[in-house]
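Take a look at the structure set out below.
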Amino acid sequence: MNGVEDHLRQAIRQRIVAGNLPKENCHMTWYGPGTGGVCIACEQPIATDEVEVDCDLPGGGTIRLHRRCYDIWAAEWPTCEGG
């Protein structure tokens with residue numbers, strides 16, 4: 001894992017612990033081309049040449065993430081305390 005990936009993983013973990021990212025599995029998940037929306041995890045736009053993941057949460061609402069951010073978030077939230 002490189003420094004950028006480590007930094008992103010750390011930032012996502014901090015957002016989970018702070019309660020800014022949910023700690024729950026997606027009810028439904030869609031993958032497609034980016035729409036220019038902002039990723040909830042890294043707060044950067046998701047370009048049309050990137051994969052966007054739309055995640056419907058069980059309690060309602062949808063979050064949008066880059067594929068890389070989604071993969072990190074999905075792996076990290078079950079291991080985070082707090083939130």
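The values are calculated or read from the model by the stated rules, or taken from the named source; none is laboratory data. Quick caveat: nothing in here was measured; it's all calculated off a predicted structure. Every residue, glycine among them, receives a Cβ derived from its backbone with ideal geometry; neighbour counts consider all protein chains shown.
The figures follow:
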read-out	value
Verdict on Ile16 being hydrophobic (A, V, I, L, M, F, W, C), in a loop (DSSP other than H, G, I, E, B) and on the phi < 0 side of the Ramachandran plot	no
Boolean, Leu65 is modelled with pLDDT of 95 or more and under 14 Å from the mean Cα position of the chain (by Cα)	yes
Condition met for Ala41 (closer than 21 Å to Arg9 by Cα, within 14 Å of the chain's Cα centre (by Cα), at pLDDT 95 or above and of a type in the set (Gly, Ala, Ser))	yes
The stretch 26-38, residues that are over 18 Å from Pro78 (Cβ atoms) and either in a loop (DSSP other than H, G, I, E, B) or charged (D, E, K, R) (or both)	Gly34, Thr35, Gly36, Gly37
Per-region count, the stretch 55-73, residues farther than 15 Å from Glu5 by Cβ and either among the basic types (Lys, Arg) or touching a residue at least 40 places away in the same chain (Cβ under 8 Å) (or both)	2
Only one of His7, His27 that is out of contact with any Ser or Thr (no Cβ under 6 Å at 6 or more places or on another chain) and loosely packed, with under 12 Cβ neighbours inside 10 Å	His7
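Quick grid of which residues meet (1) among the aromatic types (Phe, Trp, Tyr); (2) out of contact with any helix residue (DSSP H, G or I) (no Cβ under 9 Å at 6 or more places or on another chain); (3) outside any helix (DSSP H, G or I):
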site: Glu5; (1), (2), (3): no, no, no
site: Glu24; (1), (2), (3): no, no, yes
site: Ile40; (1), (2), (3): no, no, yes
site: Thr48; (1), (2), (3): no, yes, yes
site: Pro58; (1), (2), (3): no, yes, yes
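For (1) aliphatic (A, V, I, L, M); (2) closer than 16 Å to Val17 by Cβ; (3) surrounded by 14 or more Cβ atoms within 10 Å (Cβ to Cβ), each residue gets a yes or a no:
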position	(1), (2), (3)
Gly32	no, no, no
Cys39	no, no, yes
Arg67	no, no, yes
Ala75	yes, yes, no
Glu81	no, yes, no
